[in-house]
Amino acid sequence: MTEPSNLGIFNMLASVPIRTPPANRLQKPKTMKAKVNPFRSPAISGAAFLFACFSMLSPSARATDQLWTGLAGDQNVNTAGNWAAAPDLFSFSPIVFGSGVVNGTVQLQPWVTSQGVTVTSGCTTAITLNGAFFLNAAGGPIVLDAGGADLTMNADWMTGWGDISMNVGAGRTLTFNGAVGMKGGWAAGAGFIKNGEGKAVLNAGPVTTAFSSTTDGYYTGPTSINAGTLSVAYNGSGNGGIGTLPVGSSITVSSGATLLASGFNCLGYQSTHAGDLLTVNQGGSLTIDAGQVASMPYALNIVGGTIASVDGGDPTLGTLYYQSTQGTFTSA
């Protein structure tokens, strides 16, 4: 049986008949509570309607994975011949790159949606996503299997609701050349989560505007580096000293994970992050890449973790410029 689309589900719900007793049937008077059909009531708010729609995007209501092949050769996301089956690019379905990929470059069009992107272990062709932005939902992660190919995101990765999440397998690299942030008018409060033993690279600065009902914004939840390496490279001189990660997001580096500062002043400088905390837990590392100089505007808390830099004793690495620290330095 073909799984119904989300629009089909909405139409089914909206068309359910409302039963009323025959006019000639006598009934005892009784008090009844008013019931509102959210798909009929003109008084329901837009936000409530969107919430009702989003809550229906459960695994049982979503379409199946959409498999990209690139067989048509024009790289256009709207060309049906580039997919294993005709795509529905507005259904928040997972997009998958597997063993059938022959052309891994995808040219996105506005308002292409997903609930995560996966590059499977069977994919041997590097994947590149170009375009304006990619709208993701419900925290659907970017997954790179250890045995698969790397992924380069040249488009902005915007979350509609849910965290900005990724699981990068060992030996794999996920590169963001576009910004990451929250899509205006959707849900707020997203965080950033890096899982997996591989590397994620942020070459762009964050979205610079605050999130609102009409404006895309930087994410405001915590930045969690749970495994592998998160490399930050955007020069803070390009956005007033903010650097690669947004103001208002505290950073936690967990055991076995590394925050790699791989660009000049990529963590920002002066007082931009004075209210934000950078915590390096035991077994975690803050590493300054070779030849780089990073300032430290965060309140830095080393909880048994390490700082790997020239001034930390490793002459092959870069320098952490403590004199620019605006917050506090603590070590447990």
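The values are calculated or read from the model by the stated rules, or taken from the named source; none is laboratory data. Because the structure is a prediction, the values reported are computed rather than measured. Here the Cβ positions follow ideal geometry from the backbone for every residue, glycine too, while neighbour counts run over all protein chains shown.
For region 105-114, the criterion of a residue being modelled with pLDDT under 80 and touching a Phe, Trp or Tyr at 6+ places or on another chain (Cβ under 8 Å) is satisfied by no position.
The single condition among (1) over 24 Å from L174 (Cα atoms); (2) modelled with pLDDT of 95 or more that S271 does not satisfy is (2).
Return a yes/no flag: does region 309-316 have any residue that is at pLDDT below 90, buried (at least 17 other Cβ atoms within 10 Å of the Cβ) and outside any loop (DSSP other than H, G, I, E, B).
Residues of region 309-316 that are at pLDDT below 90, as a first pass: 309-316.
Now narrow it down to the ones that are buried (at least 17 other Cβ atoms within 10 Å of the Cβ): 309-310.
Remaining after also requiring outside any loop (DSSP other than H, G, I, E, B): none.
No, that holds for no residue.
Among the conditions (1) touching a residue at least 60 places away in the same chain (Cβ under 8 Å); (2) surrounded by fewer than 17 Cβ atoms within 10 Å (Cβ to Cβ); (3) hydrophobic (A, V, I, L, M, F, W, C), the only one that A257 does not satisfy is (2).
Search region 134-150 for residues being in a strand (DSSP E or B) and aliphatic (A, V, I, L, M), and hand back the single one that is surrounded by the most Cβ atoms within 10 Å (Cβ to Cβ). Full working, then the answer.
At the first step, the residues of region 134-150 found to be in a strand (DSSP E or B) are 134-136, 142-144.
With aliphatic (A, V, I, L, M) added as a condition, the list becomes 135, 142-144.
On the way: L135: 19, I142: 24, V143: 23, L144: 31.
Residue satisfying both the conditions and the ranking: L144.
Scanning region 92-127 for residues that are surrounded by fewer than 18 Cβ atoms within 10 Å (Cβ to Cβ) and of a type in the set (G, A, S) returns S99, G100, S121, G122, A126. What pairs can you find where one residue is in region 65-89 and in contact (Cβ under 8 Å) with a residue 60 or more places away in the chain, the other is in a loop (DSSP other than H, G, I, E, B), and their Cβ atoms are less than 7 Å apart, with a gap of 6+ or different chains? Once the first residue is in contact (Cβ under 8 Å) with a residue 60 or more places away in the chain and sits in region 65-89, its partners that are in a loop (DSSP other than H, G, I, E, B) give D88/S5; D88/A63. So is T244 out of contact with any helix residue (DSSP H, G or I) (no Cβ under 9 Å at 6 or more places or on another chain) and either under 21 Å from V201 (Cβ atoms) or not small (G, A, S) (or both) or not? No; evaluated as a whole, the condition is false for this residue. Considering T244, T229, the condition of being outside any loop (DSSP other than H, G, I, E, B), among the polar types (S, T, N, Q) and within 17 Å of L278 (Cα to Cα) is satisfied by T229 alone.
Across region 263-296, the number of residues qualifying as buried (at least 23 other Cβ atoms within 10 Å of the Cβ), polar (S, T, N, Q) and part of a loop (DSSP other than H, G, I, E, B) comes to 1. Taken over region 55-74, the criterion of being modelled with pLDDT of 95 or more and surrounded by fewer than 16 Cβ atoms within 10 Å (Cβ to Cβ) is satisfied by L71, A72, G73, D74.
Applying the criterion of being of a type outside the set (G, A, S) and touching a residue at least 40 places away in the same chain (Cβ under 8 Å) to the residues of region 229-246, the residue that is farthest from M153 (Cα to Cα) is P246. Within region 195-226, the set of residues being closer than 23 Å to V143 by Cβ, in a loop (DSSP other than H, G, I, E, B) and polar (S, T, N, Q) comprises N203, N226. Would you mind stating whether S93 is polar (S, T, N, Q), within 18 Å of the chain's Cα centre (by Cα) and in a loop (DSSP other than H, G, I, E, B)? For S93, the condition - polar (S, T, N, Q), within 18 Å of the chain's Cα centre (by Cα) and in a loop (DSSP other than H, G, I, E, B) - is met.
Every residue, every condition in (1) at pLDDT below 95; (2) more than 20 Å from S99 (Cβ to Cβ); (3) in contact with a helix residue (DSSP H, G or I) (Cβ under 9 Å, 6 or more places away or on another chain); (4) in a strand (DSSP E or B), yes or no:
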| position | (1), (2), (3), (4) |
| --- | --- |
| T152 | no, no, no, yes |
| W161 | yes, yes, yes, no |
| M166 | no, yes, no, yes |
| W186 | yes, yes, yes, no |
| I193 | no, yes, no, yes |
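Looking only at region 250-264, decide whether some residue is over 19 Å from L320 (Cα atoms) and in contact with a Phe, Trp or Tyr (Cβ under 8 Å, 6 or more places away or on another chain). The answer is no; no qualifying residue exists. Considering only residues in region 182-228 that are in contact with a Pro (Cβ under 8 Å, 6 or more places away or on another chain) and either surrounded by fewer than 18 Cβ atoms within 10 Å (Cβ to Cβ) or in contact (Cβ under 8 Å) with a residue 60 or more places away in the chain (or both), the one that is nearest to F134 (Cα to Cα) turns out to be Y219.
Taking the conditions (1) modelled with pLDDT under 95; (2) crowded, with 21+ Cβ neighbours inside 10 Å; (3) of a type in the set (G, A, S) in turn, S237 satisfies each one other than (2).
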